[in-house]
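Right, one structure below, let's go through it.
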Amino acid sequence: MSREPESIPSPPPVAAQTPKPPPFDPDALPLHDAKARIAELVKPLHDAERVPLDQARGRILARDLISGLDVPAHDNAAMDGYSLAATDLAPQGDTWLNIVGQALAGRAFEGVPAAGQAVRVMTGAVMPAGHDTVVAQEFVITDGQRVRIPHGQQAGQNLRLKGEDLRSGSPALAAGQRLGAAECGLIASLGIDEVFVIRKLRVAILSTGDELCPPGQPLPQGMIYDSNRSTLRALLEAMGVELIDMGIVRDNSDSLEQTIVAASRSADAIISSAGVSVGEADHTRAVMQRLGQVDFWKIAMRPGRPLAFGRIGNALYFGLPGNPVAVMVTFLFLVRDALTTLAGGQPSPPTVLRARAAAPIRKRAGRTEYQRAMLSLDHDGMPLVTLMENQGSAVLSSMSRADCLVVLEHQSESVPKGGWVNCIPMRSLC
């Protein structure tokens, strides 16, 4: 008897697979590697100069500053009131003391109070000998001859002790510290009116491109105003550098080379914008290779992928992208720390906040991204971050409107709605 052939089962359907997106530029250097390479080449300046204290704000201290005296120089009253010896206070109830004189700031009480005596003191007055406590004037009652001290006073209250701020011979400020308002005041409190600081860093800036027009002139058709030098100038002036503005350089290799050579003769660092991509009119990389060294010219970063870094003569060279947002972001997260170190200072990390994403954020591993965003509060009072709709690197107005930059690290991927992200407030950056 014949048998029907057994049916061969059909293979299971192959699951449809989503095409894997192409990788980011494999030649682009990860941001953390770019920072490490820059750090290897940056050698701090050591040239120092003496400047008057009233011109020292924003400068970098060249030498450790050692206190030559105690600050304060003596025990003194921290507020207006009456000084006394804590041993004169009654163990129970109020204490009546005789008033034997007064001490003012700059005019000490003459003599030594006896037991049971109080002295009228003003804020900053030297404490009378043997007195260790000050009672604020609003808590006492006096008839002009005697003063009633209410129960409950603590020995040593309202007293500034000699040397409690700085001791003679102790470090006051460390070399490499940027001098702000507090530091200048501290130096003045030591009686110092001149300080040794690192000489100002000399930084040359230039913009490249045939399409650029200086602000203040009529704008020809097809051209744009040069905003990058104004952005860089403002960022650099906040650092207190000596700025060398080389102007706009047209898309001509010879002109660019002449300008860069001239800048390298006087500057410690050169910053250009545009001309570092792969277009026919982008000459910066080729000029750098002819004149010096190019350490890298692409980084895995958005915005800011085309970025050349190297050295020409004695000057560090930063060839930034042409788009204005990319110029600002690359300066803030790559160039500024390098210049701070070069100037003899110590870079400080920006303030980082944690916030929830108001909507999903798309991201692929393989590059670091800085996205402009607005901060608000969620219904439960937690920080909430909303990305700005247009993340184009040419939209400079978004840097003005943004509250913060959302930082998405190299290996991070998409963030779901409600996921936590790191944010850097704009006010801490510029």
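Please state which one of 86, 77 is buried (at least 16 other Cβ atoms within 10 Å of the Cβ), among the aliphatic types (A, V, I, L, M) and in contact (Cβ under 8 Å) with a residue 24 or more places away in the chain.
Working: 86 fails: buried (at least 16 other Cβ atoms within 10 Å of the Cβ).
Sole residue among the options that is buried (at least 16 other Cβ atoms within 10 Å of the Cβ), among the aliphatic types (A, V, I, L, M) and in contact (Cβ under 8 Å) with a residue 24 or more places away in the chain: 77.
Please verify whether segment 115-138 includes one or more residues that are β-branched (Val, Ile, Thr), more than 27 Å from residue 70 (Cα to Cα) and not in a strand (DSSP E or B). Within segment 115-138, none of the residues are β-branched (Val, Ile, Thr), more than 27 Å from residue 70 (Cα to Cα) and not in a strand (DSSP E or B).
Regarding residue 421, is this residue over 23 Å from the mean Cα position of the chain (by Cα) and either crowded, with 16+ Cβ neighbours inside 10 Å or not in a strand (DSSP E or B) (or both)?
Details: over 23 Å from the mean Cα position of the chain (by Cα): no; either crowded, with 16+ Cβ neighbours inside 10 Å or not in a strand (DSSP E or B) (or both): yes.
So residue 421 fails the test.
Which residue is modelled with the lowest pLDDT, if the candidates are limited to segment 262-281 and must be under 14 Å from residue 318 (Cα atoms) and among the β-branched types (Val, Ile, Thr)? Let's see the steps before the verdict.
Going through segment 262-281, the residues under 14 Å from residue 318 (Cα atoms) turn out to be 263-264, 267-277.
If we keep only those that are among the β-branched types (Val, Ile, Thr) too, we end up with 270-271, 276.
Working: 270: 97, 271: 97, 276: 68.
Ranking the qualifying residues of segment 262-281, first place goes to 276.
When restricted to residues that are in contact with a Ser or Thr (Cβ under 8 Å, 6 or more places away or on another chain) and either farther than 14 Å from residue 74 by Cβ or outside the structural domain of residue 80 (by TED's automatic domain parsing) (or both), segment 121-133 contains 1. Please specify each residue of segment 184-201 satisfying the condition of being part of a strand (DSSP E or B) and crowded, with 18+ Cβ neighbours inside 10 Å. Selection gives 195, 197, 198. Condition check for residue 262 on (1) of a type outside the set (Ser, Thr, Tyr); (2) out of contact with any helix residue (DSSP H, G or I) (no Cβ under 6 Å at 6 or more places or on another chain); (3) touching a residue at least 24 places away in the same chain (Cβ under 8 Å): one failure, at (3). Of the set (1) part of a strand (DSSP E or B); (2) farther than 25 Å from residue 321 by Cβ; (3) of a type in the set (S, T, N, Q), all apply to residue 351 but (1).
Being in contact with a Ser or Thr (Cβ under 8 Å, 6 or more places away or on another chain), part of a strand (DSSP E or B), within 30 Å of residue 80 (Cβ to Cβ) and modelled with pLDDT of 95 or more, is that true of even one residue in segment 168-183? Scanning segment 168-183, I find at least one residue that is in contact with a Ser or Thr (Cβ under 8 Å, 6 or more places away or on another chain), part of a strand (DSSP E or B), within 30 Å of residue 80 (Cβ to Cβ) and modelled with pLDDT of 95 or more, so the answer is yes.
Matching residues to (1) of a type outside the set (D, E, K, R); (2) modelled with pLDDT of 95 or more; (3) closer than 11 Å to residue 78 by Cβ; (4) touching a helix residue (DSSP H, G or I) at 6+ places or on another chain (Cβ under 6 Å):
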| position | (1), (2), (3), (4) |
| --- | --- |
| 135 | yes, yes, no, no |
| 140 | yes, yes, no, no |
| 155 | yes, yes, no, yes |
| 162 | no, yes, no, no |
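Note on segment 37-61: residues that are part of a helix (DSSP H, G or I), out of contact with any strand residue (DSSP E or B) (no Cβ under 7 Å at 6 or more places or on another chain) and of a type outside the set (Asp, Glu) amount to 2. For segment 359-402, a residue qualifies if it is buried (at least 17 other Cβ atoms within 10 Å of the Cβ), assigned to a loop (DSSP other than H, G, I, E, B) and among the charged types (D, E, K, R), and the qualifying residues are 363, 367.
Put simply, of 335, 395, 415, 325 the only residue that is in contact (Cβ under 8 Å) with a residue 40 or more places away in the chain, within 21 Å of the chain's Cα centre (by Cα) and farther than 30 Å from residue 64 by Cβ is 325.
Is there a residue being at positive phi, in contact with a strand residue (DSSP E or B) (Cβ under 9 Å, 6 or more places away or on another chain) and either not aliphatic (A, V, I, L, M) or not assigned by TED's automatic domain parsing to the domain that holds residue 368 (or both) anywhere in segment 249-264? Among the residues of segment 249-264, not one is at positive phi, in contact with a strand residue (DSSP E or B) (Cβ under 9 Å, 6 or more places away or on another chain) and either not aliphatic (A, V, I, L, M) or not assigned by TED's automatic domain parsing to the domain that holds residue 368 (or both), which makes the answer no.
The values are calculated or read from the model by the stated rules, or taken from the named source; none is laboratory data. Bear in mind that the values here come from a model prediction, so they are computed numbers and not experimental data. Reconstructed Cβ throughout: ideal geometry from the backbone, glycine too, with neighbour counts over all protein chains shown.
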